[in-house]
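Chemist: There's a structure below that I have some questions on.
The values are calculated or read from the model by the stated rules, or taken from the named source; none is laboratory data. What you see is a predicted model, and the numbers here were worked out from it, not measured in a lab. Using ideal geometry, Cβ is built from the backbone for each residue, glycine included, and neighbour counts are taken over all protein chains shown.
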Amino acid sequence: MPETTAPIVFARSEGPIAVARPEGPIAVAGSEGPIAVAMSGGVDSSVVAGMLHVRGETVVGLTMQLWNQRRLPQLSGDRAPGDRPTGRCCSIEDVYDARHVAQSLGIPYYVVNFEQRFEDEVVKPFIGEYLAGRTPIPCTLCNNFIKFDQFLEMAEGVGATRIATGHYARIDFNPSSGRWELRRGVDHTKDQTYFLFGLTQDQLARALFPLGGMQKPEVRALARQLQIPTADKPDSQEICFVPNGDYAAFIDAYFDEQGISRQDLAGELVTADGQVVGEHSGVHHFTVGQRRGLRVAAAEPLYVISTEPATRRVIIGRNDELLRSKVHVNQVNWISIAPPSEAPPSQPLRAEVKIRNKHAASPATITPAGTGRIEICFDEPQRAVTPGQGAVFYSGDLVLGGGWIE
Amino acid sequence: MQRYYFDHNATTPVSPEVLQAMMPVLSEVYGNASSIHHYGQMARQRLDEARRQTASLLCAAPEEIVFTSGGTEADNLALLGFGREAHVITTTVEHPAVLAAAAQLASATYVPVDSRGLVDPDDIRRALRPDTKIISVIHANNELGALQPIEDIARIAQEAGVAFHSDGVQAAGKIGVDVNQLGVTLYSIAGHKLYAPKGVGALFVRKGTKLAPILHGGNHERNRRAGTENVPGAVALGCAAQWIIEHCPEESRRLETLRDHLEQSVLDRISGVHVNGGGAPRVCNTSNLRFDGIDTEPLLIALDLRGFAVSSGSACSSGASEPSHVLTAIGLTREQARSSLRISLGRANDLAQVDALVEALVGCVAHLRRIAPSKLAPAYA
């Protein structure tokens, strides 16, 4: 019996949802009550559950069922039958692993179904962003709308007062500013603060990141010490629902599943001066700075400079055309410091800014540019500033805030 | 922590008398019931006795009972035994064992139900085709407890000369079942819903019915089901049947009183509660409650953490809950289906336990409504 499907809206919600708390003051981390641990089946979240359990906390393990891996089966063709998929959440094997860990620790454990919410709040906006010529970060959307929103609500619903995850980041309360502060994980190679820039004070107050002060090898050693069955499981990649990282193939497959035609997506590859040099099958196949897959013969290497979804044109050019000093960022969320005044400040805000996960934070000056909007001026021009990615502002390890690159 | 079990439609514990009856069959009377020697004969004797007891439960003849590995196998045998070229008429509220088996046949018609979960026999009649070989309608629904008009449908099947199967897994043991009065050709039951263990069930096959086996490999069960007979399982099912024959009417009355008390207490003490399928004739132990503005996923977990085991319908392979096809079939939205909880009572439950459950429900529902007022507006359209 086919179900009538609602029209698909590829839109991103405006910023994190503010949850009204009728009972008043925000619960403070460290208060009594059970802790809900978000267990993915991987080593990190398993160690979190183990650490808290041996510390004597009352722990409830919850695994979020986010995406049905049986959907879009054409994307799984790269795996030999019987291969254990690695780096993909929500596969049934990961649920078995999480359950095995919970059983070995002797903690209550449940799987919760967030598939609908994940599709609406993460997958559809992810596709919508690509079609709009931007390069999205689904992990940030997932943190904002799933892990620190619906999961938090689920945790409270089952009677937990706090949640704990395996993120490499640190949360502290600063009594003098009265704010919860977010810092990079001690292990900078694993630091995940780039994906956490949307967290609100309320969310930080209820979250625990027990791995923030640890190096990854220490986490693995602790996993073995705690006799966690998945201690030697390989690390996962960042985007869980896209097998082998081929986003364009995922979008194509999703469109085919939904019966949406891909005919109208094709367009032209053009140079900055408007010369047509090739064709493509959709702007979602391209991200700023990309060199692979252009199939254009030229004397020097060519890169994607930008995409224009309205005309379905992809602009390509030389590497030096990718350099930018000024970046505008919207939906800015301030974390460790109070939102600066939108009036021109007496002293400009200086910070190190990261414009993609693997980017080395670079010194810049931040000035207000309207409500929830700022302008970043880098000291040195940066390569491949990509619309749709996050810009996260640091002062050393301290995360000041972040927003979305326009 | 004190734990209470309110999920008897999922499964039941093995009762002490059943355990006592099957223990010696596991250790002492271990012969293969098909063997010629003494050991085999002792096993055969137990098996024959179990078959007579199981037949009595359904008012059938012993030779009309085929022991199976459970309800799923009984349903599959019933539907697939007429060949895969057949057309089957069934309903939208069947157990997945019937729905999935029906999907294996050449064609299937799924007759809808009304808001109480009941099928209209005339809809069955209208769905008849020249190639229709079988009609399959669940007797008591596992989620709602709704009792279908089996006798009326049986008359339609008889007139049309079509076999009629009913999945009685949730009905047997809760109401009296007489396969002759019902007029069915085939009837499935499962041991583990009747205080016998998992892994045993039976299919009633009316005398003279031509039914091809789905398992091949021996002449067991009158060539209807190959495989060494599960004598301990059959003995357990027979013993469970015997207990029901002796105790069913009074136990069912007790459970019905308890169930009505549960529903009345919940309706009195919690606002915005509805009894799904409450208007239909139902089996005595099942209550499906819908709480406005509540997602039952956290409710079920919160209750479990307090020691109360209930159910929210179906679960997917990972164990996460999914909106029930039965609840959407009676016209509930996905959101309403996600707000529904199934409580199914059994022998161990008493008034004090039911009152404790009501108390826990009052607390958990109030907590969930306090922390998630947003859920009062449907989040899943």
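Chemist: Restrict the check to segment A:137-144 and report whether at least one residue is of a type in the set (A, V, I, L, M, F, W, C) and within 14 Å of chain B (Cβ to nearest Cβ).
Modeler: no
Each row is one residue, and each column tells you yes or no for (1) over 25 Å from residue B:255 (Cα atoms); (2) surrounded by fewer than 24 Cβ atoms within 10 Å (Cβ to Cβ); (3) polar (S, T, N, Q).
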{"residue": "B:133", "(1), (2), (3)": "yes, yes, no"}
{"residue": "B:136", "(1), (2), (3)": "yes, no, yes"}
{"residue": "B:139", "(1), (2), (3)": "no, no, no"}
{"residue": "B:143", "(1), (2), (3)": "no, no, no"}
{"residue": "B:152", "(1), (2), (3)": "yes, yes, no"}
{"residue": "B:156", "(1), (2), (3)": "yes, yes, no"}
{"residue": "B:171", "(1), (2), (3)": "no, no, no"}
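Chemist: Here is a follow-up. Filtering segment A:95-113 down to residues that are at the interface with chain B (Cβ under 9 Å from one of its Cβ atoms) and of a type outside the set (Ser, Thr, Tyr), which residue is surrounded by the most Cβ atoms within 10 Å (Cβ to Cβ)?
Modeler: If we take residues in segment A:95-113 being at the interface with chain B (Cβ under 9 Å from one of its Cβ atoms) and of a type outside the set (Ser, Thr, Tyr), then A:112 is surrounded by the most Cβ atoms within 10 Å (Cβ to Cβ).
Chemist: Considering B:119, B:88, which residue is in the same structural domain as residue B:161 (by TED's automatic domain parsing), closer than 21 Å to residue B:279 by Cβ and either modelled with pLDDT under 95 or buried (at least 22 other Cβ atoms within 10 Å of the Cβ) (or both)?
Modeler: B:119
Chemist: Restricting attention to segment A:97-106, does a residue exist that is touching a strand residue (DSSP E or B) at 6+ places or on another chain (Cβ under 7 Å) and more than 22 Å from residue A:233 (Cβ to Cβ)?
Modeler: No - not one qualifying residue is present in segment A:97-106.
Chemist: Take residues that are in contact with a Phe, Trp or Tyr (Cβ under 8 Å, 6 or more places away or on another chain) and tell me which of the strands (runs of 3 or more DSSP E) falling wholly in segment A:99-188 contain 3 or more.
Modeler: Strands (runs of 3 or more DSSP E) meeting the threshold: A:169-174, A:179-184.
Chemist: Filter segment A:33-79 for residues that are more than 23 Å from residue A:143 (Cα to Cα) and assigned to a helix (DSSP H, G or I); which is modelled with the lowest pLDDT?
Modeler: Top of the filtered list is A:76.
Chemist: Does segment A:195-238 hold any residues that are surrounded by 14 or more Cβ atoms within 10 Å (Cβ to Cβ), of a type in the set (D, E, K, R) and closer than 21 Å to residue A:103 by Cα, and which are they?
Modeler: Those that are surrounded by 14 or more Cβ atoms within 10 Å (Cβ to Cβ), of a type in the set (D, E, K, R) and closer than 21 Å to residue A:103 by Cα: A:220, A:233.
Chemist: If I ask for residues that are farther than 15 Å from residue B:186 by Cβ and surrounded by 16 or more Cβ atoms within 10 Å (Cβ to Cβ), which ones from segment B:57-68 would you list?
Modeler: B:57
Chemist: Now for a different question. When you look at residue A:278, is it more than 26 Å from the chain's Cα centre (by Cα) and not in a strand (DSSP E or B), yes or no?
Modeler: Spelling it out, it is not the case that residue A:278 is more than 26 Å from the chain's Cα centre (by Cα) and not in a strand (DSSP E or B).
Chemist: Out of B:321, B:312, which single residue is modelled with pLDDT under 95, within 9 Å of chain A (Cβ to nearest Cβ) and either within 29 Å of residue A:91 (Cβ to Cβ) or surrounded by 20 or more Cβ atoms within 10 Å (Cβ to Cβ) (or both)?
Modeler: B:321 is the lone residue from the list that is modelled with pLDDT under 95, within 9 Å of chain A (Cβ to nearest Cβ) and either within 29 Å of residue A:91 (Cβ to Cβ) or surrounded by 20 or more Cβ atoms within 10 Å (Cβ to Cβ) (or both).
Chemist: Okay, moving on. Filter segment B:65-92 for residues that are part of a strand (DSSP E or B), out of contact with any Ser or Thr (no Cβ under 7 Å at 6 or more places or on another chain) and not aromatic (Phe, Trp, Tyr) and give the result.
Modeler: Matches in segment B:65-92: B:66, B:68, B:91.
Chemist: Return the residues of segment B:121-178 that are in contact (Cβ under 8 Å) with a residue 40 or more places away in the chain, of a type outside the set (Val, Ile, Thr) and farther than 29 Å from residue B:310 by Cα; say none if nothing qualifies.
Modeler: Hits for segment B:121-178 are B:129, B:131, B:133, B:163, B:165, B:178.
Chemist: Taking the stated definitions as given, is residue A:306 among the small types (Gly, Ala, Ser) and surrounded by 15 or more Cβ atoms within 10 Å (Cβ to Cβ)?
Modeler: It is true that residue A:306 is among the small types (Gly, Ala, Ser) and surrounded by 15 or more Cβ atoms within 10 Å (Cβ to Cβ).
Residues checked against (1) buried (at least 20 other Cβ atoms within 10 Å of the Cβ); (2) closer than 21 Å to residue B:177 by Cα:
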site	(1), (2)
B:22	yes, no
B:32	no, no
B:42	no, no
B:46	yes, no
B:53	yes, yes
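Chemist: Determine if segment A:284-299 includes at least one residue that is touching a residue at least 40 places away in the same chain (Cβ under 8 Å), surrounded by fewer than 19 Cβ atoms within 10 Å (Cβ to Cβ) and not aromatic (Phe, Trp, Tyr).
Modeler: Yes: one or more hits.
Chemist: Can you find, within segment A:156-188, the residue that is nearest to the other protein chains (Cβ to nearest Cβ) among those that are free of Cβ contacts under 8 Å to residues at least 24 places away in the same chain and surrounded by fewer than 22 Cβ atoms within 10 Å (Cβ to Cβ)?
Modeler: A:178
Chemist: Out of (1) outside any loop (DSSP other than H, G, I, E, B); (2) of a type in the set (A, V, I, L, M, F, W, C); (3) out of contact with any Ser or Thr (no Cβ under 7 Å at 6 or more places or on another chain), what's the single condition that is false for residue A:239?
Modeler: (1)
Chemist: Does residue A:391 count as touching a Cys at 6+ places or on another chain (Cβ under 7 Å), in a strand (DSSP E or B) and not basic (Lys, Arg)?
Modeler: no
Chemist: Still on this structure, please answer the following. Tell me, yes or no, whether segment A:120-129 has at least one residue that is on the phi > 0 side of the Ramachandran plot and in contact (Cβ under 8 Å) with a residue 40 or more places away in the chain.
Modeler: Looking for residues that are on the phi > 0 side of the Ramachandran plot and in contact (Cβ under 8 Å) with a residue 40 or more places away in the chain, one finds none in segment A:120-129, hence no.
Chemist: Quick check on segment A:114-124. Is at least one of its residues in contact with a Ser or Thr (Cβ under 9 Å, 6 or more places away or on another chain) and either more than 14 Å from chain B (Cβ to nearest Cβ) or not acidic (Asp, Glu) (or both)?
Modeler: Within segment A:114-124 (the criterion being in contact with a Ser or Thr (Cβ under 9 Å, 6 or more places away or on another chain) and either more than 14 Å from chain B (Cβ to nearest Cβ) or not acidic (Asp, Glu) (or both)), the answer is no, since none of the residues qualifies.
Residue-by-condition table, conditions (1) more than 9 Å from every other protein chain (Cβ to nearest Cβ); (2) at pLDDT 95 or above; (3) within 20 Å of residue A:114 (Cα to Cα):
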{"position": "B:268", "(1), (2), (3)": "yes, yes, no"}
{"position": "B:282", "(1), (2), (3)": "yes, yes, no"}
{"position": "B:293", "(1), (2), (3)": "yes, no, yes"}
{"position": "B:304", "(1), (2), (3)": "no, yes, yes"}
{"position": "B:343", "(1), (2), (3)": "yes, yes, no"}
{"position": "B:371", "(1), (2), (3)": "no, no, yes"}
